[in-house]
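Taking it in order: structure first as structure tokens, then the write-up.
The values are calculated or read from the model by the stated rules, or taken from the named source; none is laboratory data. Small disclaimer: the values here were computed from a predicted structure and weren't measured. All Cβ positions, even for glycine, are placed from backbone atoms using ideal geometry, and neighbour counts span all protein chains on display.
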Amino acid sequence: AQSVSQHNHHVILSEAASLELGCNYSYGGTVNLFWYVQYPGQHLQLLLKYFSGDPLVKGIKGFEAEFIKSKFSFNLRKPSVQWSDTAEYFCAVNEADSSYKLIFGSGTRLLVRP
Amino acid sequence: KAGVTQTPRYLIKTRGQQVTLSCSPISGHRSVSWYQQTPGQGLQFLFEYFSETQRNKGNFPGRFSGRQFSNSRSEMNVSTLELGDSALYLCASSSTGLPETQYFGPGTRLLVL
């Protein structure tokens with residue numbers, strides 16, 4: 001069965017530090033890839049998504065992610081985090097052309113210290 | 001545009017009872033998906049509806065069911081509640097379904113005693 005792995009469950013950084021959150025999936029076919037964020041007390045919202053084309057995707061709030069097909073990975077990055085980035089981050093995968101469901105990773109809780 | 005709305009926001013039920021949760025998608029959106037979020041299992045897909053038809057179903061027992069109305073509003077029902085059904089139930093809508101962006105609602109928090 002398809003699955004999504006997020007390796008870091010909790011990450012603590014100081015402001016201005018660089019961020020990279022890992023995401024790997026286990027599906028051999030074509031996929032659509034997403035990163036969602038859940039700020040404290042708020043709805044899940046989309047950070048960025050990859051469907052096709054340039055494997056380096058830029059999202060909102062300075063986030064970007066790189067799709068590496070050979071590694072089945074879609075890691076999220078931000079060069080300099082802010083205190084307001086404190087949130088839980090979810091990677092999600094959708095089997096392209098055959099499914100209308102998202103498979104989510106277990107999430108990574110990021111705490112940014114001011 | 002108003003976002004996805006879910007009612008009720010909080011619910012307390014006892015084991016054996018049944019519950020119905022409601023989701024109103026963003027105006028114009030015809031696809032509605034439901035997810036269950038728990039600390040132990042994370043976010044898990046329940047089902048997706050488009051134009052009143054269920055297109056995908058997750059690995060949940062038959063006690064979990066849903067439907068969609070002609071105005072795209074959706075309901076999900078859980079019968080014979082178990083303690084393990086305590087969770088945050090999230091609804092998401094999009095125009096025609098994945099891979100389009102799904103917009104999530106605030107969720108309904110269900111506590112089963």
Inset, instruction - Hey, can you tell me all the residues within region B:84-95 that are more than 19 Å from residue B:39 (Cβ to Cβ) and either within 15 Å of the chain's Cα centre (by Cα) or away from chain A (no Cβ under 14 Å) (or both)? - result: B:91, B:92, B:93, B:94
Legend entry - Within region A:70-114, considering residues that are among the charged types (D, E, K, R) and not in a loop (DSSP other than H, G, I, E, B), the one farthest from the other protein chains (Cβ to nearest Cβ): A:113
Inset, instruction - Pull up region B:1-55, narrow it to residues that are within 13 Å of the chain's Cα centre (by Cα) and among the aromatic types (Phe, Trp, Tyr), then point me to the one that is nearest to the other protein chains (Cβ to nearest Cβ). - result: B:45
Inset, instruction - Quick one: in region B:96-109, of everything that is under 19 Å from residue B:73 (Cβ atoms) and either of a type in the set (A, V, I, L, M, F, W, C) or part of a strand (DSSP E or B) (or both), which residue is farthest from the other protein chains (Cβ to nearest Cβ)? - result: B:108
Legend entry - So residue B:40, is it out of contact with any strand residue (DSSP E or B) (no Cβ under 9 Å at 6 or more places or on another chain), modelled with pLDDT under 95 and of a type outside the set (D, E, K, R): yes
Legend entry - Residues satisfying the stated conditions in region B:56-83, i.e. away from chain A (no Cβ under 14 Å) and touching a residue at least 40 places away in the same chain (Cβ under 8 Å): B:72, B:73, B:75, B:76, B:77, B:78, B:79, B:80, B:81, B:82, B:83
Inset, instruction - Count, please, the residues in region A:57-98 that happen to be under 22 Å from residue B:38 (Cβ atoms) and of a type in the set (Gly, Ala, Ser). - result: 2
Inset, instruction - Specify which of the listed residues (A:69, A:101) is basic (Lys, Arg) and farther than 27 Å from residue B:51 by Cα. - result: A:69
